[in-house]
Amino acid sequence: MGLKTLISFFLTLLLFSCSSLPDSEPVNVEIVDTDSLSLIPFPQQVDKNGNIFKVSSETVLNFHDDTKNEGNYLLNHLNKQLSTPLKVNVWEGQAPSTSIYLDIQDSLFQDFKEEGYQINISKRELRIHAQTNVGIMRGIQTLLQLFIPEFHSEKRDVWYLPGLDIIDYPQFQHRGLLLDVCRHFFDKDVVKKYIDALAYYKMNVLHLHLTEDQGWRMPIDKYPLLNDISSWRLDTNGNEYGGYYTKEDLKEIVAYASERHITVIPEIELPGHSQAALAAYPQFSCNGGPIDVVNEWGVFKEIYCAGNDSTFLFLEDILSEVLEIFPSTYIHIGGDEAPKFRWEHCTKCQKRMRDEGLADEHALQSYFIQRIEQFLNEKGRQLIGWDEILEGGLSDNATVQSWRGMEGGKKAAEMNHQVIMSPTSHCYLDYPLSSIDLEKIYSFDPIPADIQSGKEDYIIGGECNMWTERVSDEDNLDSKVFPRIMGLAEVLWTYPEKRDFENLYHRVRAHQPALTARGINYGFETTGAFIVVETNNEVNIQLKTALPDVIVKYRWLGDQDGFKVYSKSFQLDRTDTLILQAFRDGKTYGDSILQDFAYHKGIGAAVEYHTELNPWYPGNGNQHLFDGVRGSANFRDGNWQGFSGDDLILSIDLGKLKSISAADFQFYHYPNAWIFMPKEISFEWSVDQQNWSQTRINQKMMELNPETRIVKAHMELDDQNKVEAQYLKVVIKNYGKVPAGHDAEGEDAWLFVDEIVLY
Ligand code: ACM
Ligand code: ZN
């Protein structure tokens, strides 16, 4: 769809909705281009039929008792926009001006999935029909979106809708958003706002992450300390932070979702991410505590003791009360990120492993999950767990939610288990727009390309995960979820051949006012501008934007000049910070972006790695250490290269003889993320690869900046004198194993490095 058709469509709608229009039909309805309808997700099939349908106070909304819930829902929404309320259920005989019908029709759809619906809009009738109430509700959302872009803004006497015939049904049956209300707490009204928004985009699952190391958010009558103690943590200012829903709140949330045909799936984390519960009931930990509710972010070693039968009774009591509140077939039990350290050192856990013939602690985790699964299955429920539940043996009926990539999900599907895909690569809304933007989410395909044929059907859908470690207020939460979730909504509903990013982008933009009217703080689609660097002998810098209607301006921090409009690529000629800012419609778009560059004698060096790149943190491949690009305080910015457990061993060719006096290194140091500064750096240089000189520095000679967690290591090669060299050998010794006392004691440490700067 071109921009022109889009504009003409919006102009058309403007005409349609003008309340001063005479009662006669607007003449230019024919120019409606179905592609430019602002529907998200876009329906499988839309045809225009040339009619115009008028909605006014004379319009009658007809529905039977079997669609009362949906009928009242539609009535409320339509009446919000009309000066005079609609008439309801005046069936034949009154010769109404126009009628809207909601119809459950058993035989209408043969192969449509449960949520399918059909809309036919003619001159006098607008009919939504479906086989189920769910389908009617999905169709209602399409109808409400037909009023965009102005539906939200004011009450009008008359609206005109284009005549359309729509047939629609989802590709995937599970379309969800995970909301973490534990790291930061969001009250009932925020949750309900999200349920409304999910309904609007035909999502059907709210995955409510209710328990964590940092807070427990639901009451369990039998264990009141789960609220008195586990719902509260002491924040860094020494203030109590926390909260919880009452059971009435939760019932209200579930009912509210149910009216919109959305399932709330509760997540009760076990055996890990359970430190808040163990702070209140340390008798269910391995060593009895004392344990505090956590007030930092990461993975923590206090987990439920698997050797203690009373742990299982405790969890079954909790789950029994969870099942009373949440009627969902699926119950999520977490299962991710459970360090095995406590189990390895617990006599009860070790005895359990011997008694049950379990080979290792992964098998013990599998035993743990299977006991819980059996309990849930006996109650008629199904278990969902994160992909770690594959380790040590997957329990019989479990559904796997794949987050560490798609591999776990693929494996589970090939074992005939249901799978929900939410890989960190595409579905993590806590990640910055620089790594996951609307377009990235929109490129997501929940079906792995190389899955065994015939196993695709086990992939039941996907979710975006909104973790809230760094999101504490509602506006910020909204701006992370919207508009990105709209991309996922379409990925999971609409078949790939119908999808086109540029088209989505315009539709998403058209929704912005409607979302604002719903109290949603719409964020940005992407970072606005980004930097592409190509390093050969020089560093070539290009500034790009993913959006058609954005311009990019830039300046160097060290320059006095103001921002310049970017028009063509340029070469790095200084060590400085580049500042970019995108603009749309004359306003700044997105945050300004700061990127540090280092211009130095090593730029463009040819590097041979004797250490394999780690696929999680490859940085800029073989050019990474000499590309002039600095890493930022965010170790996931793509400008840090990471190695797990390995020393970094390099052979470097500078291309010609150079005079060098010193070398600078930067490392990341963040023990909570298992990232440690190196033990030692050895640096050798040579003119001919025959005779080598060497210098070393150790950890004590490195300097940590605690604010940024960046460690600087400076190395003089020869007491201030320059040396001549073309060839270098560098060995950076990994810290090795995570040290004693750390939650991940004994695991491989990460080494993160951004650049080797030569002077
Ligand atoms: C997860 O992100 N730990 C599931
Ligand atoms: Zn134990």
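Mind telling me which of the residues 594, 547, 580 ends up being in contact (Cβ under 8 Å) with a residue 24 or more places away in the chain and under 27 Å from residue 662 (Cβ atoms)? Residue meeting the stated conditions: 594.
Evaluate the following for residue 303: is it within 16 Å of ligand 1 (Cβ to nearest atom), within 23 Å of residue 222 (Cα to Cα), of a type in the set (A, V, I, L, M, F, W, C) and in contact with a strand residue (DSSP E or B) (Cβ under 9 Å, 6 or more places away or on another chain)?
Against the criterion (within 16 Å of ligand 1 (Cβ to nearest atom), within 23 Å of residue 222 (Cα to Cα), of a type in the set (A, V, I, L, M, F, W, C) and in contact with a strand residue (DSSP E or B) (Cβ under 9 Å, 6 or more places away or on another chain)), residue 303 qualifies.
Residue count for region 330-351 satisfying the condition of being away from ligand 2 (no atom under 16 Å from the Cβ) and without any contact (Cβ under 8 Å) to a residue 60 or more places away in the chain: 0.
Within region 443-461, the set of residues being surrounded by fewer than 22 Cβ atoms within 10 Å (Cβ to Cβ) and of a type outside the set (A, V, I, L, M) comprises 443, 444, 445, 450, 452, 453, 454, 455, 456, 457, 458. If you go through region 153-210 and keep only what is assigned to a strand (DSSP E or B) and hydroxyl-bearing (Ser, Thr, Tyr), you end up with just 160. For residues in region 212-257 being of a type in the set (Gly, Ala, Ser) and within 15 Å of residue 279 (Cα to Cα), which is most open to solvent (accessible area, probe 1.4 Å)? So, considering only residues that are of a type in the set (Gly, Ala, Ser) and within 15 Å of residue 279 (Cα to Cα), the one most open to solvent (accessible area, probe 1.4 Å) is 242.
The set of residues in region 466-491 that are under 22 Å from residue 299 (Cα atoms), in contact with a helix residue (DSSP H, G or I) (Cβ under 7 Å, 6 or more places away or on another chain) and surrounded by fewer than 21 Cβ atoms within 10 Å (Cβ to Cβ) is empty.
Taking the criterion of being of a type outside the set (S, T, N, Q), outside any helix (DSSP H, G or I) and surrounded by fewer than 23 Cβ atoms within 10 Å (Cβ to Cβ), the residues of region 351-403 that qualify are 357, 358, 359, 360, 379, 380, 381, 391, 392, 393, 394, 396.
Scanning region 252-287 for residues that are among the basic types (Lys, Arg) and closer than 24 Å to residue 225 by Cβ yields nothing. In region 280-300, the qualifying residues are those that are among the aliphatic types (A, V, I, L, M) and within 16 Å of ligand 1 (Cβ to nearest atom), and the one that is farthest from residue 472 (Cα to Cα) is 299.
Taking the numbered list (1) more than 16 Å from ligand 1 (Cβ to nearest atom); (2) surrounded by fewer than 22 Cβ atoms within 10 Å (Cβ to Cβ) in turn, residue 277 passes all entries but (2). Count of region 332-360 residues, restricted to those that are hydrophobic (A, V, I, L, M, F, W, C) and within 16 Å of ligand 1 (Cβ to nearest atom), is 2. For residue 567, are the conditions met, namely being on the phi < 0 side of the Ramachandran plot, out of contact with any strand residue (DSSP E or B) (no Cβ under 6 Å at 6 or more places or on another chain) and free of Cβ contacts under 8 Å to residues at least 60 places away in the same chain? Taking the combined requirement at face value, the residue satisfies it. Among the residues of region 299-321, those identified as touching a Pro at 6+ places or on another chain (Cβ under 9 Å) and surrounded by fewer than 20 Cβ atoms within 10 Å (Cβ to Cβ) are 299, 301, 321.
Is it the case that region 246-254 has a residue that's touching a residue at least 24 places away in the same chain (Cβ under 8 Å) and closer than 30 Å to residue 342 by Cα?
Looking for residues that are touching a residue at least 24 places away in the same chain (Cβ under 8 Å) and closer than 30 Å to residue 342 by Cα, one finds none in region 246-254, hence no.
It is to be established whether one or more residues within region 674-690 are free of Cβ contacts under 8 Å to residues at least 12 places away in the same chain and over 43 Å from the mean Cα position of the chain (by Cα). Taking every residue of region 674-690 in turn, at least one turns out to be free of Cβ contacts under 8 Å to residues at least 12 places away in the same chain and over 43 Å from the mean Cα position of the chain (by Cα). Within region 361-382, none of the residues are within 15 Å of residue 266 (Cα to Cα), within 14 Å of ligand 1 (Cβ to nearest atom) and in contact (Cβ under 8 Å) with a residue 40 or more places away in the chain.
Of all the residues in region 614-667, those that are under 18 Å from residue 536 (Cβ atoms) and assigned to a loop (DSSP other than H, G, I, E, B) number 4. Evaluated against (1) within 16 Å of ligand 2 (Cβ to nearest atom); (2) at pLDDT 95 or above; (3) buried (at least 21 other Cβ atoms within 10 Å of the Cβ), residue 288 falls short on exactly one condition, (3).
For region 533-550, a residue qualifies if it is within 23 Å of residue 502 (Cβ to Cβ) and modelled with pLDDT of 95 or more, and the qualifying residues are 542, 543. Among the residues of region 492-523, just one is surrounded by fewer than 19 Cβ atoms within 10 Å (Cβ to Cβ) and of a type in the set (Val, Ile, Thr), namely 516. The set of residues in region 300-313 that are assigned to a helix (DSSP H, G or I) and within 11 Å of residue 285 (Cβ to Cβ) contains only 311.
Of all residues in region 268-283, those that are within 22 Å of residue 363 (Cβ to Cβ) have Cβ atoms under 6 Å from Cβ atoms of residues that are within 14 Å of ligand 1 (Cβ to nearest atom) and among the acidic types (Asp, Glu), 6 or more apart or on another chain, in 272/337; 273/212; 273/213. Taking the listed residues 76, 51, the one that is over 27 Å from residue 492 (Cβ atoms), open to solvent by 20 Å² or more (accessible area, probe 1.4 Å) and among the polar types (S, T, N, Q) is 51, with no other qualifying.
Do we find that residue 325 is under 22 Å from residue 373 (Cα atoms) and more than 16 Å from ligand 2 (Cβ to nearest atom) in this structure? Yes.
Name the single residue, out of those in region 404-428 being without any contact (Cβ under 8 Å) to a residue 60 or more places away in the chain and in a loop (DSSP other than H, G, I, E, B), that is farthest from ligand 1 (Cβ to nearest atom). Here the answer is 416. Scan region 484-495 and tell me whether some residue there is among the hydroxyl-bearing types (Ser, Thr, Tyr), free of Cβ contacts under 8 Å to residues at least 60 places away in the same chain and outside any strand (DSSP E or B). Scanning region 484-495 turns up no residue that is among the hydroxyl-bearing types (Ser, Thr, Tyr), free of Cβ contacts under 8 Å to residues at least 60 places away in the same chain and outside any strand (DSSP E or B).
Among the residues of region 716-724, is any under 18 Å from residue 696 (Cβ atoms), in a loop (DSSP other than H, G, I, E, B) and modelled with pLDDT of 95 or more? Within region 716-724, none of the residues are under 18 Å from residue 696 (Cβ atoms), in a loop (DSSP other than H, G, I, E, B) and modelled with pLDDT of 95 or more.
The values are calculated or read from the model by the stated rules, or taken from the named source; none is laboratory data. The structure presented is a predicted model; accordingly, all values stated were derived computationally and were not measured. With ideal geometry, Cβ positions are generated from the backbone for all residues, glycine too; neighbour counts draw on all protein chains shown. Heads up: the accessible areas ignore ligands, DNA and RNA and are worked out on the full protein's heavy atoms, side chains in. Shrake-Rupley method; radii C 1.70, N 1.55, O 1.52, S 1.80 Å.
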